[in-house]
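Written below as structure tokens is the structure these notes are about.
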């Protein structure tokens, strides 16, 4: 597996993901602080306005053609009994997405966000559909109890495909991309990625997923502990960890996040699974965090610890644990509001409003 880590990491180190130029930071902070409000009164919206302005390198940023990419893939670890749902639900939910009946469809329509579904590795053959991208790496990953979930070639293909898909969306005019997923068993993959890459105790990383009872949760923890002990991987080889424990949809998300950030897009990061993909991308390219907006804190155990590890401040905390990108889409209006107040809200000078005479601290200080 060392060949995977060395080869693929060298490929992805070629991504031009850098920290945005901070020369504009003072001007952006002045514009934010001169709005007709007390300094800091808009909370995280002020931080988001500053972040988007820096990414786009302008005092008047714009969010264009928001798009959500929902990646679907099956997991061999599901055969071990880590989920109360059968693997067939993955394909059934993809059909639900395509028919417009899932939560993500409802919320995407509500917020005028384009939805694109990607078959990254579902154990099913889908017919052509205008909203479905056929990018299948395989018919689900291998059960990672005693073997790596995917091969070197499969991992590289998933990463490359994801990057290409994100670049396509940016080329079509999207400068803000959200990421969602569907895959029975994928909380197990995310838990193992988090356990190894964050070096946290397993019990802080494993939750009930799609609704395990206490006995099911204990079984899931035992299965994942067995797999982690068998593979004995360290945090210094993120690509090897991804290939061993990841899913095709997670690996494709990693590539898509890297590809989108390279193109200067804002990344709307959903819940536990999407954040685990961002974790891998961060281990490869730490500056990707400058492009990531963490949209919510999931009700899935482990996500809060993962957000803390990344020093992330989520916009929402309303107990969501559905996945699909639902939290990212629900939080988009707040990101849009951050850009709108920066562009449209009056300043003290333009409104003829007296400023405070007290000392102030800026949002980015």
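Sketch the reach of a paramagnetic label on residue 340 as a point 7 Å from Cα along Cα-to-Cβ, and name the residues of segment 101-118 whose backbone nitrogen lies under 14 Å away. Output list for this probe position: 111-112. Measure nothing fancy, just the Cα-based angle from helix 186-198's long axis to the longest principal axis of the chain, in degrees from 0 to 90, nearest 10. It is inclined by approximately 70 degrees. Remark: the residue 218-residue 134 segment gains 26.6 nm on full extension, using 0.36 nm per residue and subtracting the alpha carbon distance. For the chain, modelled as a GNM whose springs connect Cα atoms under 10 angstrom apart, the maximal fluctuation among 246, 140, 211 occurs at 211.
Computed from Cα positions, the angle between helix 88-99 and the longest principal axis of the chain comes to roughly 40 degrees.
Using a Gaussian network model of the chain in which every pair of alpha carbons under 10 angstrom is joined by a spring, one finds that among 249, 300, 349 the greatest mean-square fluctuation is at 349.
Nearest 10 degrees, 0 to 90: what angle lies between the long axis of helix 248-262 and the longest principal axis of the chain (Cα atoms)? Around 30 degrees separate the two axes.
Which length gain, in nm to one decimal place, applies between residue 34 and residue 125 when the Cα-Cα distance is subtracted from 0.36 nm times their residue separation?
On the way: separation 91, 0.36 × 91 = 32.76 nm, distance 5.59 nm.
The span from residue 34 to residue 125 would gain 27.2 nm if fully extended.
Helical runs (DSSP H, four residues minimum) scored at -39500 (n - 2.57) apiece and divided by the length of the chain put the mean residue ellipticity at 222 nm at -14500 deg cm²/dmol. The reciprocal of the average 1/r between distinct C-alpha atoms defines the Kirkwood hydrodynamic radius, which for the chain equals 20.7 Å. Subtracting the Cα-Cα distance of residue 171 and residue 88 from 0.36 nm times their residue separation leaves 26.4 nm of extension gain. Between residue 235 and residue 44, the modelled labels are 2.4 nm apart [label points 7 Å from Cα along Cα→Cβ].
Every number in this text was worked out from the coordinates using simple rules, so none of it is lab data. Remember, it's a predicted structure, so these values are computed and weren't measured experimentally. Note: ideal-geometry Cβ built from the backbone for every residue, glycine included; neighbour counts use all protein chains shown.
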